[in-house]
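Just dropping this structure here.
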Amino acid sequence: MPLLSSFPDLASVLTIDARALAHNAAVFRGVAGGAMVGGVLKGNAYGHGFPQVLECVHDRLDWLFVITPHEGLAVRAWEQAHGRVARPVLVIGAVTPGAAVELARHDVALVAAAPSFLEIAEAVAAAGVPPLRVHVHLDTGLSREGFLPETLAGDLGFLDVGGDAIHVEGVLTHFADTEDVTEQTWARRQLDRFHAGADLLTAELRKRGRPTSLIRHAGASAAVLVLPDARLDLVRVGIGLYGLWPSRETRISARFVLGDVPELWPALSWRCPSQLVKTVPAGAYVGYGCTHRCRDETRIAVLPVGYWDGYPRLLSNRAHVLVNGRRCPVLGRVMMNHVIVDVTGVPECGDSVVATLLGQDGGERVTAEDLAEWAQTIHYEIVTRLGAHLTRTVIGLGDLDFVG
Ligand SMILES: *Cc1c(COP(=O)(O)O)cnc(C)c1O
């Protein structure tokens with residue numbers, strides 16, 4: 001008797017194009033102008049799938065940035081399973097002392113971002129594990145993680161714990177306002193504060209006879225593209241790696257700063273086969289709340305996908321999907337597990353269709369930016385909220401050369 005699990009569900013599928021990821025990584029390597037290039041894989045690799053993206057980009061990046069210790073250790077496990085060299089990995093999110101000990105054991109770096117880091121230093125020193133690689137986060141104007149440069153000197157007690165337990169190898173900051181503007185006044189001010197804080201940190205390390213050659217890093221995708229002074233030693237590329245522009249403002253600025261707008265290739269497509277296709281009479285209501293009424297006889301496709309999968313309910317009566325290269329409006333409300341679309345304009349479609357919710361079909365395209373605009377959010381949220389349960393299939397990996 002075959003198990004039920006050996007039959008694939010009728011469900012939507014995400015496709016990740018390895019060639020697009022490789023192309024985007026190469027674009028940022030070119031733009032970064034000699035700085036090391038790091039990829040940000042937080043948020044399930046911006047919803048594209050952590051293991052899938054890791055497999056595509058591991059050999060093309062100098063650093064990997066993740067948000068949780070679990071992801072940091074997952075990189076090490078993947079490298080071991082695939083016989084790959086261990087890339088530098090930095091956990092940029094919150095970590096408990098217990099997790100920090102595990103990271104030290106696996107040579108994964110983490111961020112020191114508050115005076116409470118002292119507890120982590122003590123736990124690592126007590127555990128007798130290899131030195132923990134640490135990047136000191138400076139809060140230069142976001143008011144999120146990080147030490148304030150003004151009080152940094154008094155907050156470095158963790159350096160004096162347990163001899164060599166802590167190895168400071170980097171210093172970073174994160175910009176508050178690079179995507180939303182076309183002039184970078186606030187970012188420049190943050191950068192000045194960053195260098196002042198990093199110089200102070202260097203001096204404090206020197207006083208203690210510690211290594212002082214720190215990796216300085218600040219720029220995420222937008223800053224890498226439009227603020228050359230922010231590229232420093234290492235760049236942290238998130239959204240751009242996936243082929244998405246941080247914002248319209250970033251695109252406009254890039255034209256001025258780079259003299260040209262680099263081409264980024266969106267790596268993600270989202271498709272869904274129909275559950276059924278049928279014709280409803282003129283006057284039929286569609287979906288919960290009867291918010292859509294068909295004026296004429298209408299051919300509809302019911303798609304087994306909904307807000308549970310990450311297709312926002314705010315797309316109700318607003319979005320369209322693509323079928324055979326044609327736009328098909330979403331009729332009525334997006335439901336938990338269903339979306340109904342109007343396929344009357346696709347006469348050849350017959351009794352089943354494959355709808356493109358996100359991506360290209362023929363000459364038409366639905367972008368993450370389109371979905372974000374319709375759903376009153378940003379494309380970062382659209383892609384990162386794609387359900388972790390969805391099947392993610394990598395294409396094009398065989399077309400790429402191994403970079404090493
Ligand atoms: C998310 C994040 C990034 C990447 O930002 P993008 O705009 O997606 O490139 C870089 N650095 C830090 C600290 C982040 O939290």
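The values are calculated or read from the model by the stated rules, or taken from the named source; none is laboratory data. Treat the numbers as computed from the prediction; the structure is a model and nothing was measured. Cβ sites come from the backbone with ideal geometry, for glycine too, and all protein chains shown count toward neighbours. Just the protein is used for accessible areas: all its heavy atoms, side chains included, with ligands, DNA and RNA removed. Shrake-Rupley method; radii C 1.70, N 1.55, O 1.52, S 1.80 Å.
From G238, G310, G287, G283, grab the single residue that is within 14 Å of the ligand (Cβ to nearest atom), among the small types (G, A, S) and modelled with pLDDT of 95 or more.
Going through G238, G310, G287, G283 in turn, the sole match is G238.
Do any residues in the range 213-225 that are under 14 Å from R193 (Cα atoms) and open to solvent by 10 Å² or more (accessible area, probe 1.4 Å) have Cβ atoms under 9 Å from those of residues that are at pLDDT 95 or above and near the ligand (Cβ under 8 Å from one of its atoms), where the two are at least six apart or on different chains, and which pairs are they?
R216/L172
Related question: Would you point out which residue out of L232, L205, L152 is within 16 Å of the ligand (Cβ to nearest atom) and either touching a residue at least 12 places away in the same chain (Cβ under 8 Å) or more than 30 Å from L54 (Cβ to Cβ) (or both)?
The unique qualifying residue is L232.
Further question on the same structure: Would the range 1-14 turn up any residue that is closer than 30 Å to P273 by Cβ and open to solvent by less than 10 Å² (accessible area, probe 1.4 Å)?
Yes.
Which residue pairs have Cβ atoms closer than 7 Å, lie 6 or more positions apart in sequence or on different chains, and pair a first residue in the range 165-178 that is of a type in the set (F, W, Y) with a second residue that is open to solvent by less than 20 Å² (accessible area, probe 1.4 Å) and within 11 Å of the ligand (Cβ to nearest atom)?
As it stands, the answer is F175/A218; F175/A223, since those pairs meet every condition given.
One line per residue, one yes/no per condition, for (1) closer than 28 Å to A112 by Cβ; (2) open to solvent by 30 Å² or more (accessible area, probe 1.4 Å):
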{"position": "F28", "(1), (2)": "yes, no"}
{"position": "V31", "(1), (2)": "no, no"}
{"position": "G34", "(1), (2)": "yes, yes"}
{"position": "K42", "(1), (2)": "yes, yes"}
{"position": "H48", "(1), (2)": "no, no"}
{"position": "P51", "(1), (2)": "no, yes"}
{"position": "C56", "(1), (2)": "no, no"}
{"position": "L61", "(1), (2)": "yes, no"}
{"position": "P69", "(1), (2)": "yes, no"}
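Of all residues in the range 145-174, which are touching a strand residue (DSSP E or B) at 6+ places or on another chain (Cβ under 9 Å) and in a loop (DSSP other than H, G, I, E, B)?
The answer is E145, G146, L148, A165, T173, H174.
Return the only residue of T344, T393, T356 being open to solvent by less than 80 Å² (accessible area, probe 1.4 Å), in a loop (DSSP other than H, G, I, E, B) and not acidic (D, E).
Within the list T344, T393, T356, the selection yields T344.
I would also like to ask the following. List pairs: first in the range 331-348 and more than 22 Å from A11 (Cβ to Cβ), second of a type in the set (S, T, Y) and at pLDDT 95 or above, Cβ under 8 Å, 6+ apart or cross-chain?
Filtered contacts from the range 331-348: T344/T298.
Same structure, new question: Do you know which residues across the range 105-164 are β-branched (V, I, T) and closer than 27 Å to G219 by Cα?
V108, V111, I120, V134, V136, T140, T151
Could you check the range 90-119 and list, in sequence order, the residues that are under 14 Å from P69 (Cα atoms) and open to solvent by 60 Å² or more (accessible area, probe 1.4 Å)?
Within the range 90-119, A94, T96, E102, R105, H106, D107 qualify.
For the range 175-187, check the following and say yes or no: at least one residue is among the charged types (D, E, K, R), within 26 Å of the chain's Cα centre (by Cα), away from the ligand (no atom under 13 Å from the Cβ) and at pLDDT 95 or above.
Checking the range 175-187: not a single residue is among the charged types (D, E, K, R), within 26 Å of the chain's Cα centre (by Cα), away from the ligand (no atom under 13 Å from the Cβ) and at pLDDT 95 or above.
Return the total of residues in the range 368-404 being within 16 Å of the ligand (Cβ to nearest atom) and not acidic (D, E).
Adding up the residues that qualify gives 11.
Condition first: of a type in the set (A, V, I, L, M) and part of a loop (DSSP other than H, G, I, E, B). Now tell me which residues in the range 134-144 satisfy that.
Answer for the range 134-144, where residues must be of a type in the set (A, V, I, L, M) and part of a loop (DSSP other than H, G, I, E, B): just L142.
Next question. Every residue in the range 375-389 that is open to solvent by 50 Å² or more (accessible area, probe 1.4 Å) and not hydroxyl-bearing (S, T, Y), please.
Q376, I378, E381, R385, A388, H389
Residue check: is I215 away from the ligand (no atom under 13 Å from the Cβ), touching a strand residue (DSSP E or B) at 6+ places or on another chain (Cβ under 9 Å) and not charged (D, E, K, R)?
Taking the combined requirement at face value, the residue satisfies it.
Being modelled with pLDDT of 95 or more and on the phi > 0 side of the Ramachandran plot narrows it down to one residue among G34, G30; which is it?
None of the others qualify; the one that does is G34.
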